[in-house]
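The values are calculated or read from the model by the stated rules, or taken from the named source; none is laboratory data. What you see is a predicted model, and the numbers here were worked out from it, not measured in a lab. Every residue, glycine among them, receives a Cβ derived from its backbone with ideal geometry; neighbour counts consider all protein chains shown. Only protein heavy atoms, including side chains, enter the accessible area calculation; ligands, DNA and RNA are left aside. Shrake-Rupley method; radii C 1.70, N 1.55, O 1.52, S 1.80 Å.
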Amino acid sequence: MDISAIAVIPAYRPDERIFTVAADLKKSGFRHIVVVDDGNGAECAELFDKLACDPAVTVCTHSCNLGKGRAIKTAFNFILSHWPGCASVCIDCDGQLSADDAARAAEYAESYPDSLILGCRDLKHTPNVPLPNRFGNAATKLTVFLLTGLRFSDTQCGLRAYPPTVMRKLIGLPGDRFEFENNTLLAVRAEGIDIVEFPIKVVYEPESAYTTTFRRVRDSALIYKNLLKFLSAPVISFLLASVIWFFVSSFFSSDIASAFSYTAMLILCTALSCAGVRRSAMFFSGGCILSVVTGTGMFGLLSAGLSSELAWLCAAVPFFAVLIPLYRNLGFERRPRFTRC
């Protein structure tokens, strides 16, 4: 059966396995394959020339290495220009992922044209999974959940399908390297993109033979930098308001004046956090109510004899614990629907 979706293979430092991946994709029904030569240069020129001889394969070339995220966006642009009604299915070039699973992703993209399609690995029951991969996926899943409230089954798998509407929303997303794929998970909350997850198989070579272009320190830093930017507005606003309060509270001798100034600083924090928030009126109203409640609690703590520092800590933790979910739920589009197949 022919598949209308376009297979995408971002390729940096590929080896002969890329020919097997392309052949398997064609056997699974893909009529068109876009391979992005991500600045491999003369060293791999012969390999890409051989790939380009296949009429089903189009090779797009970067003159220098720009990163996996940029390679995916280059493919998006090419597909939207030449096959604007077709979805894209991204798959890695190392042969770890199955072409049959890629075909399933294409089917889901057709059935769910407004959703991001995610292939999800079962790393607990997959042999030879490198420990850093296992740990990194678990840590990123937890971080994304804490920041967005969305519980993804797998945040780092290279098999994903993007229908045309989703490609148009994500093509301008920041991130040129591995962090781009994590940024898409943040974007589903900001853009209201639904999610479809389905289980896939993955094959890892023994540790002695395993290779990757993922730079663990640098690429991990880029991923978590962008994850933390997702909540930068309330975090920075809260820290700024706290610093101001510690400065001005020294001028007040009474507990009620300190508590009142604390309430005012929390309202300032809420106001600053409203920048870029979609439902700012609702968020500000909820934040003001939360600030008054917290300020009242601060007055009680100060009246009980607690120091300003300890009272701040006891009041700040619950305030921040409530402000973040409020920001997530009112600051972005509706919570996306998850379909797990």
Check your understanding: Would you pick out the residues in the range 1-20 that are closer than 18 Å to GLN96 by Cβ and open to solvent by less than 10 Å² (accessible area, probe 1.4 Å)?
Key -> ALA7, VAL8, ILE9, ALA11, ILE18
Review point. What about PHE230, is it at pLDDT below 75 and of a type in the set (Phe, Trp, Tyr)?
Key: yes
Practice item. May I ask you to list the residues in the range 278-333 that are among the polar types (S, T, N, Q) and either closer than 13 Å to LEU266 by Cα or at pLDDT 85 or above (or both)? Key: SER285, SER291, THR294, THR296, SER303
Point to revise | Those residues of the range 71-98 which are buried (at least 18 other Cβ atoms within 10 Å of the Cβ) and farther than 30 Å from ASP122 by Cβ, in sequence order | key: THR74
Check your understanding: Among the residues of the range 318-333, is any out of contact with any Leu (no Cβ under 8 Å at 6 or more places or on another chain), in a helix (DSSP H, G or I), over 30 Å from ILE193 (Cα atoms) and not aliphatic (A, V, I, L, M)?
Key -> yes
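Please specify each residue of the range 33-46 satisfying the condition of being more than 27 Å from the chain's Cα centre (by Cα) and within 21 Å of CYS86 (Cβ to Cβ).
Taking the range 33-46 and keeping what is more than 27 Å from the chain's Cα centre (by Cα), we get 41-46.
Correct list: empty.
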Point to revise | The lone exception for MET282 - which of (1) free of Cβ contacts under 8 Å to residues at least 40 places away in the same chain; (2) in a helix (DSSP H, G or I); (3) among the hydrophobic types (A, V, I, L, M, F, W, C) it fails | key: (1)
Review point. So ARG177 fits all but one of (1) at pLDDT 90 or above; (2) open to solvent by 10 Å² or more (accessible area, probe 1.4 Å); what number is the exception?
Key: (1)
